[in-house]
Each structure stands twice: as C-alpha cells, then as structure tokens.
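Notes to accompany the following structure.
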Amino acid sequence: MTTAPVVDSVVMTARGITKVYGATRALKGVDFDIRRGAVTVLFGENGAGKSTLMKILSGVEQPTSGVLTLDGEEIELSGTVDAARRGIAIIHQELSLAPNLSIKDNIFMGRELVRNGIVVDDRRETEKTREIMARLAEELDPRTLVEDLRLGQQQVVEIARALAGEARVLIMDEPTSALSGAEVEVLFALIRELTAAGVAIVYISHHLEEALEIADHAVVFRDGDLVATGDRADIDLEWVVGNMVGRAADDLVPDLLDAFGDVALRLKDVTVADPSNPSRLAVDGFDLDVRQGEIVCLYGLMGAGRTELLEALAGRVPIQRGTVEIEGRRLTRETVSERIDLGLALVPEDRQRDGLVQTMSVGENASLASLLSYVRGLWISRKAEQAAVNRGIGDVRVKTSGPAASITSLSGGNQQKVVIGKVLMTAPRVILLDEPSRGIDVGAKAEIFGLMAREARRGLAVLFATSEVSEALTVSNRIVVMSKGRIVRVLDSAGATRDDLMFASGEATEEELSGSDHS
C-alpha cells in the first residue's frame, strides 16, 4: 500500500555549509531546510550566496565544509548526475541549452530513452516532449531547433528539461526571468501540481511580488549568511526588502523630473515586420515623442511588439515605413554603429548574448562600442581608452576587482551596469533599454533605475520596455501600453494604477480586476 507524502516535512538539509573561492567566502556556515510538498523561496541580492548554495545542493559544486542530508541520511554529491539519480534537479539562472539541437534533444541530452538497451527511442522521446511541453502550454514541434525559439520559449525548454527527470527536489533559479505573464501563470499552476504530489520546490527570483505569490516559506540571504526566515502568512514585501538591503521599498524609488526639454526622439507611423514571420506586423503605425529629460516606459504582454520596436530604432531590424528623428535629424538607412554616432543606442534584453562578449574583460566590454573615439593616428591610444574605462566603470558603480577582471566574474546586476556603462560611453542623446532589470535583484534594480533617472536629469531621453507593472508605475514619467504592435493607451505614471495597466494591456478583464485587490 502506497502512503501519501508527508507534506511540509524536511526532505533535504544543509548544515554549516561554507564555500570559499580564494579570499572570498561566498557562504558562511549556512543552515537550510527543504520541505516536501512546499515552495521555499530564496531572496537576496546578487552575490548574496543563493545560487552558490543551490549549486552545492544540486551537485554542481562541492562545499568547502558542511554536511548535506537527504531523507535523514548524510550524502556527498559527486556531481549533477549523482544528484539527478537521487532525484535532485536544478533549473539554472542562465540558460544552458545547446542552440544547435532540437527541443527534444535538449530535454533528453545525457539521459536518452533507449530500446533494447542500445538504440535511442526517438518516438518515445518525441511523445514525452510533446506531453511535457503541453503541461507548460507551449505547443511547439519537438524537432524545432532551440536557436529558432524566442528567449521566453527557450526558458520553457530549460524548465521542461528539469521536469523530464521527475525530480523530488526541484531547484528553480530565476525560472521566470524571460517568461510572459501568461507563461508565469502556467508555471505557477504546474508548481502547485508538483507540490501537491509531494515535490519539494526551492525557488529563487528577483521578482519579489511574484515570488511571494508562490511562496509557502521564505528565507533571505545577505553577504553569504542566511539572515531571516518566515512563513508566507507572516511576511510581506517590506519584510523582504528590509532584510535584503536594509532599506524600505519606498527608499529605492528614484526621483524623476517633472519638466522636460525639446523632443529628442520622434516616431511617426513606424511599422516593423516580425523578423520571424515577415508576413505579420510586429509594430503597426507607431507614433511617439520622447523629450529630453523624460523617461517613457513601453508596457505590454509578450508579443506586444516592444522588443521589435526598440531593435528597429537601434538599426538591428529594418523599418518598413514611417519616420524616426533624433533631435530633428531624420534617420534613413543608418547602420547600428552610425545610429550610435548620432546619439541613439540600445541596451538589449539578452545581455549575455547581445550585450557582452563573454571572453573579454570588464574593461574591453565597456569600451567596445566607443573604441574608435580612442584612435590616435593609426593606433588605439590605450592610455585614453583606459582613462575612459575607469571613468565609465566608476560612473555606473560597477563592483569589480578592476577593468582586467573577466566579465563572467561579475554578478548579473554588475554585468548589466557594464552594458549600460558601455552605452553611456558613446555619449548618447537617446537611450533605449529592453527589460533592463531582467534577472537582477532589488538593490541592483534600484541602482539601474537610479542611473536612468540621473541620465534623464542630465538631459538624456530614455525609452525603456518592461513587463513589470511596479517598474512601469514607479520609474517612468509616462507609460505607453502596447498590444499587438499598436499603442492602446498612454498613461501618466503619477495617476496610473496597476489595474489600469493590466486592463489596457489585456492581461486582465474588468471582471477579473473587480474581484482583486490590485488597485
């Protein structure tokens, strides 16, 4: 006779876990419990130690000292294969997919289904892939190459790969960083389905309100220590932020201007085809003015056309019709670099793929877009470049050991600051930012939006896209709500509400909002 799982009993523990990298103590004697049939959410700034502990719990890394137990038995994980064999799986923050392989091959890579002990059972793998993707509400062909998927769909494949292992301890490190609101709802429903079956979930997210929605228990990390724990009924957003950064949430909101200069960016009837389906319009007849010193937010659901608009303005994809003017100068067929020279630059959504060169140092990444300005005769003046890099790194407050440090040694928030610093070193007049806070913590978000506000006060025009309602409401002067490539509503941020945005974007109906407490 099979007994039901004991919900909320401890299935896995970490006791006295330390992790030392050279002179850095990433974890300082952490005690941590994972409960069966419950979601334990980890909060903390980048570099606080959350991901390091999760790598230890999933066999990616070994602790310097400390003990792990599973079902009361002390264990040593020799690697991820050993962890998977014991029923422990992890969804990593940065995608670890093979882009040149299909969805099916990525999901079953290293654990192929075979028949007769020899031949890969392609049919079973395809059927299993369809089942898993259906649970995640993504009706994709299992044979589709991962490189042909948008970022959010790639994130879903990463989640599907973990689900295929049928883990009993499932660690999710920023699983929703690239997902739309609808995709997040599907994932949350699946998480509740898994916990009801007794699966223990450990969940890391920088989307604080979203994480509180799914949490049963919460812990807060700071500087390698576990500093606070609480049950969901006893905590709120103020508790999380206060324990994470030592400041109230309201103190993290930047001061914005309320008077602006001349029009810096003017868009008239801008129309852009969908790069993946040219017969469809991603942006249709878009009109907008952004003034010097103004911060304008583009808000909308996945597929609203925000990314396509920003990439078209930056010169990455063509504009079918319409006009774009930068401080009165009309753009025609200028390349990306020529638009940068004219004062228009983009901070892309995917900083790892499009914003940084992973093999370069912090300084080399920072100066990459402005390198020609340091040319003296036939040579690049390394002295001039180094001076500019030092100023740029200091200006955006990158936490690094120096310009020579590897870009991969930085936290996500500091990598994002390098991308923004690189753009600012080109002396832009208009800066475009696509999801600038994706995958970074609340403290780093405050610094990023503080940088945006500071540059606006210096006269820069800022146009940024976000799928975070709270960001749209608190760090912009105006909100342009998009749906299916069109502007459906323009709101003054000071008077707008969460309900206004959700209704205008189609995220919720009036009936759904009338029964909620979002306003």
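The values are calculated or read from the model by the stated rules, or taken from the named source; none is laboratory data. The model shown is predicted, which means the values in this text are computed figures rather than measured ones. Using ideal geometry, Cβ is built from the backbone for each residue, glycine included, and neighbour counts are taken over all protein chains shown. Ligands, DNA and RNA are excluded from the accessible area calculation, which covers all protein heavy atoms including side chains. Shrake-Rupley method; radii C 1.70, N 1.55, O 1.52, S 1.80 Å.
Take segment 153-176 and flag every residue that is in contact with a helix residue (DSSP H, G or I) (Cβ under 7 Å, 6 or more places away or on another chain) and either more than 18 Å from Thr129 (Cβ to Cβ) or among the hydroxyl-bearing types (Ser, Thr, Tyr) (or both).
Leu170, Ile171, Asp173, Pro175, Thr176
Could you check, for segment 258-266, whether at least one of its residues is at pLDDT 95 or above, among the basic types (Lys, Arg), open to solvent by less than 80 Å² (accessible area, probe 1.4 Å) and over 25 Å from the mean Cα position of the chain (by Cα)?
yes
Within segment 52-92, considering only strands (runs of 3 or more DSSP E) that don't extend past its boundaries, which have at least 1 residues that are hydrophobic (A, V, I, L, M, F, W, C) and under 24 Å from Gln154 (Cα atoms)?
88-91
Being on the phi > 0 side of the Ramachandran plot, surrounded by 13 or more Cβ atoms within 10 Å (Cβ to Cβ) and not hydrophobic (A, V, I, L, M, F, W, C), is that true of even one residue in segment 91-98?
No, that holds for no residue.
What do you reckon, is Leu57 crowded, with 22+ Cβ neighbours inside 10 Å, farther than 27 Å from Lys417 by Cβ and in contact (Cβ under 8 Å) with a residue 40 or more places away in the chain? Before the answer, list the steps.
On the way: crowded, with 22+ Cβ neighbours inside 10 Å: yes; farther than 27 Å from Lys417 by Cβ: yes; in contact (Cβ under 8 Å) with a residue 40 or more places away in the chain: yes.
When the stated conditions are applied, Leu57 passes them.
Hey, does segment 405-415 have a residue that's more than 20 Å from the chain's Cα centre (by Cα) and more than 27 Å from Asp289 (Cβ to Cβ)? Break it down stepwise before answering.
Within segment 405-415, the subset more than 20 Å from the chain's Cα centre (by Cα) is 405-406.
Now restrict to residues that are more than 27 Å from Asp289 (Cβ to Cβ): 405-406.
Looking through segment 405-415, at least one residue is more than 20 Å from the chain's Cα centre (by Cα) and more than 27 Å from Asp289 (Cβ to Cβ).
Looking at segment 295-306, which of its residues are open to solvent by less than 10 Å² (accessible area, probe 1.4 Å) and either closer than 20 Å to Arg266 by Cβ or part of a strand (DSSP E or B) (or both)?
Those that are open to solvent by less than 10 Å² (accessible area, probe 1.4 Å) and either closer than 20 Å to Arg266 by Cβ or part of a strand (DSSP E or B) (or both): Ile295, Val296, Cys297, Leu298, Tyr299, Gly305.
Restricting the search to segment 476-492, which residues are open to solvent by 10 Å² or more (accessible area, probe 1.4 Å) and not basic (Lys, Arg)?
Within segment 476-492, Asn477, Ser483, Ile487, Val488, Val490, Leu491, Asp492 meet the criteria.
Out of Ala178, Ala197, Ala137, Ala160, which single residue is more than 23 Å from Asp441 (Cα to Cα), buried (at least 22 other Cβ atoms within 10 Å of the Cβ) and either without any contact (Cβ under 8 Å) to a residue 60 or more places away in the chain or of a type in the set (Gly, Ala, Ser) (or both)?
On the way: Ala178 fails: more than 23 Å from Asp441 (Cα to Cα); Ala197 fails: buried (at least 22 other Cβ atoms within 10 Å of the Cβ); Ala137 fails: buried (at least 22 other Cβ atoms within 10 Å of the Cβ).
Result: Ala160 is the single residue among Ala178, Ala197, Ala137, Ala160 that is more than 23 Å from Asp441 (Cα to Cα), buried (at least 22 other Cβ atoms within 10 Å of the Cβ) and either without any contact (Cβ under 8 Å) to a residue 60 or more places away in the chain or of a type in the set (Gly, Ala, Ser) (or both).
Under 7 Å by Cβ, and 6 or more places apart or on different chains, what pairs join a residue from segment 375-401 that is within 30 Å of Ala444 (Cβ to Cβ) with one that is open to solvent by less than 30 Å² (accessible area, probe 1.4 Å) and assigned to a loop (DSSP other than H, G, I, E, B)?
Thr400/Leu410
All but one of (1) assigned to a strand (DSSP E or B); (2) over 30 Å from Asp274 (Cα atoms) hold for Val389; which doesn't?
Every listed condition holds for Val389 apart from (1).
Residues being part of a helix (DSSP H, G or I), modelled with pLDDT under 90 and either open to solvent by 30 Å² or more (accessible area, probe 1.4 Å) or farther than 21 Å from Leu463 by Cα (or both): count how many of those fall in segment 337-367.
3
Going by the structure shown, is Glu193 modelled with pLDDT of 95 or more and under 25 Å from the mean Cα position of the chain (by Cα)? Walk me through it before giving the result.
Details: modelled with pLDDT of 95 or more: no; under 25 Å from the mean Cα position of the chain (by Cα): yes.
No; evaluated as a whole, the condition is false for this residue.
Kindly indicate which of Gly117, Gly165 is within 30 Å of Asp33 (Cα to Cα), open to solvent by 10 Å² or more (accessible area, probe 1.4 Å) and not hydroxyl-bearing (Ser, Thr, Tyr).
Answer to the selection: Gly165.
Kindly check whether there is at least one residue in segment 403-419 that is open to solvent by 10 Å² or more (accessible area, probe 1.4 Å), assigned to a helix (DSSP H, G or I) and of a type in the set (D, E, K, R).
no
Pairs under 6 Å by beta carbon, first residue over 18 Å from Leu451 (Cβ atoms) and modelled with pLDDT of 95 or more in segment 288-310, partner open to solvent by 10 Å² or more (accessible area, probe 1.4 Å) and among the basic types (Lys, Arg), six or more apart or different chains?
Every condition considered, the pairs that remain are Asp289/Arg266; Leu298/Arg306.
So for segment 219-228 (the condition being open to solvent by 20 Å² or more (accessible area, probe 1.4 Å), free of Cβ contacts under 8 Å to residues at least 12 places away in the same chain and outside any strand (DSSP E or B)), does at least one residue qualify?
No, there is no match, as no residue in segment 219-228 is open to solvent by 20 Å² or more (accessible area, probe 1.4 Å), free of Cβ contacts under 8 Å to residues at least 12 places away in the same chain and outside any strand (DSSP E or B).
It is to be established whether one or more residues within segment 278-291 are part of a loop (DSSP other than H, G, I, E, B) and either out of contact with any Phe, Trp or Tyr (no Cβ under 9 Å at 6 or more places or on another chain) or surrounded by 21 or more Cβ atoms within 10 Å (Cβ to Cβ) (or both). Walk me through how you get there before you give the answer.
Of all residues in segment 278-291, those part of a loop (DSSP other than H, G, I, E, B) come to none.
Looking for residues that are part of a loop (DSSP other than H, G, I, E, B) and either out of contact with any Phe, Trp or Tyr (no Cβ under 9 Å at 6 or more places or on another chain) or surrounded by 21 or more Cβ atoms within 10 Å (Cβ to Cβ) (or both), one finds none in segment 278-291, hence no.
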